[in-house]
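Taking it in order: structure first as structure tokens, then the write-up.
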């Protein structure tokens, strides 16, 4: 939840000087450097005046040909600008102070340049400058050496998520500052900064008791030194910690105390953090709408600032799931796109910083071995992409299967309607073949089957009688049995059925059974309550499987679907 409060820190070296008396404007060119600097500070709400004083400062430095005062002048000038303009003046400050062996420069300029680069998301260069600040300060300015070390720790914890590695550096800084007079302006802000960083790091590691300890310590110190901004930051951080403890009412109480102050301080980063943890607290209480409102405010702030850390990404997962549950695809897609955009940026920055730190900072300074961590992260990434690949294939398969089911259902319904139309007005007595006429028989080529015309005619008439009497419902039926009933032989019967019915004996019998079953099911609702096995036996089949297969082959739909659709017909 930590956002930089660097500007206050960067002004600390400027504060101790006090003007002994007011000076007339006509005498400004004769003022010493410290007096011009003090006038610069006193007119912090009048940029035009500040520019006038800093130009006088630089002119004096050029007249004196003083590299260190040129460096200080350009540093002051950088405070009036942001972005590339500020970096340009800081580069001049660095250039003039490199060989001066000054206590503050070029370390201060490197550090401020690092913050400016970070604001532009130029993380590779930001790391370079923080490391240069640390190395420069290590020579002759122990205070600022730890300040630069602290800046590197912040990048590790906030941008990389390497909280445990950052914690080592935070503890070094804390042990250094706690032996100083932390109640005076020179050290109080840095001490609050480090305490807050420790509390936030322990919160990230879910060590809630240590988090509460450092929040309480920081609150007490901020109250003593009357640092209102940090006072409410510790209140906010403890509210977030109470969310982790699942003490949601206490969390809401603390966060609502801090939020108006964050807004008043125009601290957008911690305003975003306040809304995020309000959302988490309401989520814990089961108040989904309040959670949605607060997570949406997090997104609104991100849209303006374009700055967010991994800590606050959970709100997007909640919003995506919420709108998915509601069936609101538009909002679901909106938050998915935002989440993916942020994740892509975070992943890119992570890679850049990891490579830079490992090469230029970890090797000489890092005390904790991280090879296992890197390997673990790489493995997790491989698993992630494999999972995405599998899910993509699964989604495509489910989509294809769903489309197939849709088409199949549509075909089934169309076939059902066709069957209903064909059997419209049909009753049981009508399940029979047309009368065998002389014309029907004489039109056949008896020679092709080698049976006399008279014999064919007789067998067809007897076969029609067999059909009318529903002999096909006999479950023990065989071609030999039917041939005996018709007073012929199985060979003749088989040939005649093949030639005149254009079917095999088994198909001929099964088709009649299914036609009969179809009309019976349509006309007799009681039969629809039978099991498929019972229906199979009712219509001459020996088992459910053979009945279902024959029914599908004849009607192109399954008997279960046919019965289900019949139940829906009024």
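Summary of computed values
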{"item": "Residue that is surrounded by 15 or more Cβ atoms within 10 Å (Cβ to Cβ) and either out of contact with any helix residue (DSSP H, G or I) (no Cβ under 9 Å at 6 or more places or on another chain) or modelled with pLDDT of 70 or more (or both), where the choices are 313, 340", "result": "313"}
{"item": "Residues (surrounded by 14 or more Cβ atoms within 10 Å (Cβ to Cβ) and either under 26 Å from residue 503 (Cα atoms) or in contact (Cβ under 8 Å) with a residue 40 or more places away in the chain (or both)) located in the stretch 514-532", "result": "514, 515, 516, 517, 518, 519, 520, 521, 522, 532"}
{"item": "Options 28, 39: the member that is surrounded by 18 or more Cβ atoms within 10 Å (Cβ to Cβ) and touching a helix residue (DSSP H, G or I) at 6+ places or on another chain (Cβ under 9 Å)", "result": "39"}
{"item": "Qualifying residue in the stretch 496-513 (condition: over 29 Å from residue 418 (Cβ atoms) and over 55 Å from the mean Cα position of the chain (by Cα))", "result": "yes"}
{"item": "Flag if residue 34 is surrounded by fewer than 16 Cβ atoms within 10 Å (Cβ to Cβ), within 43 Å of the chain's Cα centre (by Cα), modelled with pLDDT of 90 or more and in a helix (DSSP H, G or I)", "result": "no"}
{"item": "Which numbered condition residue 428 fails, given (1) at pLDDT 75 or above; (2) under 21 Å from residue 520 (Cβ atoms); (3) more than 60 Å from the chain's Cα centre (by Cα)", "result": "(1)"}
{"item": "Close pairs from the stretch 89-113: first assigned by TED's automatic domain parsing to the domain that holds residue 55, partner outside any helix (DSSP H, G or I) and surrounded by fewer than 16 Cβ atoms within 10 Å (Cβ to Cβ), Cβ under 8 Å, at least 6 apart", "result": "89/81; 106/98"}
{"item": "Some residue of the stretch 57-79 being in a loop (DSSP other than H, G, I, E, B), out of contact with any strand residue (DSSP E or B) (no Cβ under 6 Å at 6 or more places or on another chain) and under 12 Å from residue 93 (Cβ atoms)", "result": "yes"}
{"item": "Flag if residue 90 is surrounded by 16 or more Cβ atoms within 10 Å (Cβ to Cβ), under 29 Å from residue 140 (Cβ atoms) and at pLDDT below 85", "result": "no"}
{"item": "Total residues in the stretch 521-532, condition in a helix (DSSP H, G or I) and over 50 Å from the mean Cα position of the chain (by Cα)", "result": "6"}
{"item": "Condition met for residue 218 (part of a helix (DSSP H, G or I), more than 30 Å from the chain's Cα centre (by Cα) and buried (at least 19 other Cβ atoms within 10 Å of the Cβ))", "result": "yes"}
{"item": "Qualifying residue in the stretch 273-293 (condition: closer than 26 Å to residue 186 by Cβ, in a helix (DSSP H, G or I), touching a residue at least 40 places away in the same chain (Cβ under 8 Å) and in contact with a helix residue (DSSP H, G or I) (Cβ under 7 Å, 6 or more places away or on another chain))", "result": "no"}
{"item": "Positions within the stretch 545-570 being within 46 Å of the chain's Cα centre (by Cα) and not in a helix (DSSP H, G or I), in sequence order", "result": "556, 557, 558"}
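This table checks each residue for (1) touching a strand residue (DSSP E or B) at 6+ places or on another chain (Cβ under 7 Å); (2) crowded, with 22+ Cβ neighbours inside 10 Å; (3) closer than 19 Å to residue 217 by Cα; (4) not assigned by TED's automatic domain parsing to the domain that holds residue 312.
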| position | (1), (2), (3), (4) |
| --- | --- |
| 122 | no, no, no, yes |
| 133 | no, yes, no, yes |
| 147 | no, yes, no, yes |
| 153 | no, yes, no, yes |
| 166 | no, yes, no, yes |
| 184 | no, no, yes, no |
| 188 | no, yes, yes, no |
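The values are calculated or read from the model by the stated rules, or taken from the named source; none is laboratory data. Fair warning: this is a prediction, and the values are worked out from it, not measured in the lab. All Cβ positions, glycine included, derive from the backbone under ideal geometry; neighbour counts span all protein chains shown.
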